[in-house]
Amino acid sequence: MPDSIIPNGLDRAARRVAANKANAQHSTGPRTEAGKQRTRLNALRHGLTGQTVVLPTEDHAAYQRHSQSFLDEYQPKGATEAQIVQSMIDSSWRINRVAAVETNLFSLGITEMEDRIPAGQPDADAALAMAMTFREHARAFSQISMYSQRLARQFERSLEQLRALQKERRTREHQQLFDAATLFKVHKEDGLPYNPAEDGFVFSNEDIETYIHRSQRLDDAIERACAT
């Protein structure tokens, strides 16, 4: 066989890539209900761990709103802060789930027990049914409590880590802004343009001018307060 028609490794690889692309174009996605369910669950998993965070019975849109509320409040910067905030998001979501499970367990128990307690008074029936529910499902309630406490401790640790990390970052950013503002003023007095990036700063000149203006206003306010 002539060498020109012997497929080498690169030729075979190229053909495999082309075949995969062709197959992908003809794919219509999962057809069975089980396959569709797995696809829906894939959207609820974290790509890093593959762990399901939102259960199929829960509202994924509610989880997204829950997540966004934390992101808006803590505004993480960088991968580490983002990871800590994500841990807080998931811990608090599970804490809320645990509370719902506990409530549902009480509701189920009361429904099951009310007919067994003919006290004759609706309030008394409900109170006794709740007590019996707790007695007969004490182990389940204990496990729910321990799980909730563990999640709460995890949330608190994450919050402490985030606060410490953000405090350190903000202190560092303030010092860098102060240094950049000092250099900016020197260049301005000399009639020279200033490029913060040349000194390793990530701030723009607008950021620096805003910082200078805010600092001057604060100094003026403090001076006026002391004068009075």
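The values are calculated or read from the model by the stated rules, or taken from the named source; none is laboratory data. What you see is a predicted model, and the numbers here were worked out from it, not measured in a lab. Here the Cβ is made from the backbone with ideal geometry for all residues, glycine too, and neighbour counts use every protein chain on show. The accessibility values were calculated without ligands, DNA or RNA, using every heavy atom of the protein model including side chains. Shrake-Rupley method; radii C 1.70, N 1.55, O 1.52, S 1.80 Å.
Observations on the structure shown:
- Total residues in region 125-156, condition surrounded by fewer than 12 Cβ atoms within 10 Å (Cβ to Cβ) and not polar (S, T, N, Q): 5
- Among (1) within 30 Å of GLY78 (Cα to Cα); (2) within 33 Å of the chain's Cα centre (by Cα), the one test that ALA140 misses: (1)
- Restricting attention to region 136-190, the residues that are over 30 Å from LEU108 (Cα atoms) and of a type in the set (Gly, Ala, Ser) add up to 4.
- Within region 173-202, tally of residues that are open to solvent by less than 70 Å² (accessible area, probe 1.4 Å), among the hydrophobic types (A, V, I, L, M, F, W, C) and not in a helix (DSSP H, G or I): 1
- Odd one out for LEU10, checked against (1) open to solvent by 60 Å² or more (accessible area, probe 1.4 Å); (2) under 17 Å from the mean Cα position of the chain (by Cα); (3) hydrophobic (A, V, I, L, M, F, W, C); (4) at pLDDT below 90: (2)
- Pair list, Cβ under 8 Å, 6 or more apart: region 92-112 residue touching a residue at least 24 places away in the same chain (Cβ under 8 Å) and of a type in the set (Phe, Trp, Tyr), other residue assigned to a helix (DSSP H, G or I) and surrounded by fewer than 16 Cβ atoms within 10 Å (Cβ to Cβ): PHE106/PHE134
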